[in-house]
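Notes to accompany the following structure.
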Amino acid sequence: MIRKESVEQLWQAGRNGDPFALTMMGLWLYEGKIVRQDQQNGLSILQEMNQHGVLWAYDLLLYINSSPGDDDVSDHAIVSGQATQQMGQAIENGNVFAMTALGELYYWGKTVPQNRQVAWQFLERASSAGCLMAKDLIQALLEYEQSPTTNFDNVFRKDEVMKENCNPQTTGPTNDPSTKQPNNPSDAMAELNSLIGLERVKKEVMSLRNFVTVQRQREQQGLRTMSVSYHCVFSGSPGTGKTTVARIVAGIYRDLGILKKGHLVEVQRSDLVAEYIGQTAPKTNAKIDEALDGVLFIDEAYTLANGGPIDFGLEAINTLLKRMEDDRDRLVVILAGYSDEIKQFINSNPGLESRFNRYIHFDDYTDLELMDIFCYNLNKGQYRITEEALLQVYRIINEKLAQKDARFGNARYIRNLFEKIVQKQSDRLASLGEVSKEQLTMITEDDVSLS
C-alpha cells in the first residue's frame, strides 16, 4: 500500500515545482485510483505541465482527449520514445519521481516496451535516494509477484487521503534541464515543443524568437537594432511538419507583437497563377490581402518559376515581391519545398535572394520518431495494439526507410499506413459478426501482416 507520508512527499515535491511529481499528481487526481478523484484539477495540472514541455504529460493528455470518459489513463496512454528519453535525462540528473514513474512503466510494459530488469534498477535507485513512493511500489510489486493472481490495484491502493492534500498550490516546474521549458512560455512555443522530433527546427525557431525578442528590447531602450527579416524558407521532404511549424511561427510572431492576427494562409501555384493574361496579378493580390497581418505560406514555391519564359508564374513572383515591400509591416512570407529546388529558385532571383536569408531545414523522421507518430495516431483514433503487431509495424517502417527516396512521405506515409491497417482490421472484424469493445479497439498482428 502507498502510505500517506509518501503522498505528502510527492505533493511537497510538486509544490516545489518538480515537473514529474506534478505530472504524477495530475494523473492520480484524474484517475482517482490512489487519491480522491478530482478530474478538473488533475486535467489542469497535466495541461500546465504540457505547456512547460513535459512530454509525458502531453502523451497522457493525448489519450484523455481522444478517449473521453476513460479514467484508466495510465494503462492505456502510450508513452512516446521522446517522453521516455526526457525522463531518462531527468533520471541522469537525479530526479527520483522520473525514476519511479519510468520504473513502473517499464515493469508493466503496457504503454512502453517491457523491461523489468531496468524497472527494478530505477525503483531501487529512487528508493535508495529517499523516495517513499518508490519504496511502497517495490513492496507492492514484491507482494504481487508472490501472488500474481491478486489484483495489483488492490495491493497498491491506499485509502483516499484528505482532499486538501490533493489540491496543492503549484508554481510550475523548476528549471529542470531535462524539460523543454521556454523562457516565457506561450501556447505557440508549447505546441512547438510538443511536436515529435524536429529538434533542429525547434532550436532554429527558438533562436529566431530569441533574436527578435532581444532586438525589440533594444529598440524599447533606445539602442541601435539590426535589421530583422521575418521571412523564412522551410526546406525538406514532404510530411516533415513544415505547414504545422509555419502555423506555429505565425502564432509566435503574433505573441511578439509583430503580426496583429498571426493567422496562416496556405497557397500553392494554382492559387496564385491564372491561365490568361491580366488575371495572375489580381489572383495573387487577393491571396496576399487574405494573409495581411499574418503569414502567407507558399508550398513548393519553386513551381512558380517552372513554366518557362511565357508562363505567368513570373508575374506572380513580381507581384509578391512588390507587396512584400509595400506591406512589409503587415506581411510575412514563408516559402517551402524540397531543399535543392527551393535554394535554386531563390538564388536565381535577386529580389527573392535579398528578402529570404533565413533557412530552416526539416530533417526526415527517424524510425523511432515514425513509431511515435504511429502511436500518436493510435491514441487519437482510440485504438490499442498488441506487442506482436507493434513489432511488425516497426519492421515495416524500417524496411520502408531502407528503400526510401527523396519523395518519401514521412508522417504522411505513417498516416497512410495507419489508415490501411485500420481498414484491414475493419475487414477482419466484419467477418466475425458481433464484436466486443475490446475487439473494436485492438489492432492485431493479422491486421498489420495483411498490410
Odd one out for Thr386, checked against (1) under 23 Å from Gln268 (Cα atoms); (2) polar (S, T, N, Q); (3) surrounded by fewer than 20 Cβ atoms within 10 Å (Cβ to Cβ): (1)
Test: residue in segment 267-277 that is in contact (Cβ under 8 Å) with a residue 12 or more places away in the chain, in contact with a Lys or Arg (Cβ under 7 Å, 6 or more places away or on another chain) and within 23 Å of Phe362 (Cα to Cα): yes
In segment 405-423, residue modelled with the lowest pLDDT [restricted to those that are open to solvent by less than 80 Å² (accessible area, probe 1.4 Å) and outside any helix (DSSP H, G or I)]: Ala406
Members of segment 365-401 found to be farther than 19 Å from Gln85 by Cα, outside any helix (DSSP H, G or I) and not polar (S, T, N, Q), listed by number: Gly381, Tyr383, Arg384, Ile385
Those residues of segment 70-89 which are aliphatic (A, V, I, L, M), assigned to a helix (DSSP H, G or I) and under 17 Å from Ser194 (Cα atoms), in sequence order: Ala83, Met87
Considering residues of segment 47-65 that are open to solvent by 10 Å² or more (accessible area, probe 1.4 Å) and touching a Gly at 6+ places or on another chain (Cβ under 7 Å) only, the residue nearest to Gly26 (Cα to Cα): Glu48
Exclusive hit being surrounded by fewer than 21 Cβ atoms within 10 Å (Cβ to Cβ) and touching a residue at least 12 places away in the same chain (Cβ under 8 Å), set Lys242, Lys287, Lys322: Lys287
Count of residues meeting criterion [of a type in the set (S, T, N, Q) and not in a helix (DSSP H, G or I)] in segment 12-66: 2
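It is to be established whether one or more residues within segment 251-261 are of a type in the set (Asp, Glu), touching a strand residue (DSSP E or B) at 6+ places or on another chain (Cβ under 7 Å) and open to solvent by 70 Å² or more (accessible area, probe 1.4 Å).
Within segment 251-261 (the criterion being of a type in the set (Asp, Glu), touching a strand residue (DSSP E or B) at 6+ places or on another chain (Cβ under 7 Å) and open to solvent by 70 Å² or more (accessible area, probe 1.4 Å)), the answer is no, since none of the residues qualifies.
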Single condition Lys202 does not satisfy, out of (1) without any contact (Cβ under 8 Å) to a residue 24 or more places away in the chain; (2) within 30 Å of Asp364 (Cβ to Cβ); (3) open to solvent by 40 Å² or more (accessible area, probe 1.4 Å): (3)
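The values are calculated or read from the model by the stated rules, or taken from the named source; none is laboratory data. Keep in mind it's a predicted model, so treat the numbers as computed, not measured. We place every Cβ from the backbone using ideal geometry, glycine too, and count neighbours over all the protein chains shown. Ligands, DNA and RNA are excluded from the accessible area calculation, which covers all protein heavy atoms including side chains. Shrake-Rupley method; radii C 1.70, N 1.55, O 1.52, S 1.80 Å.
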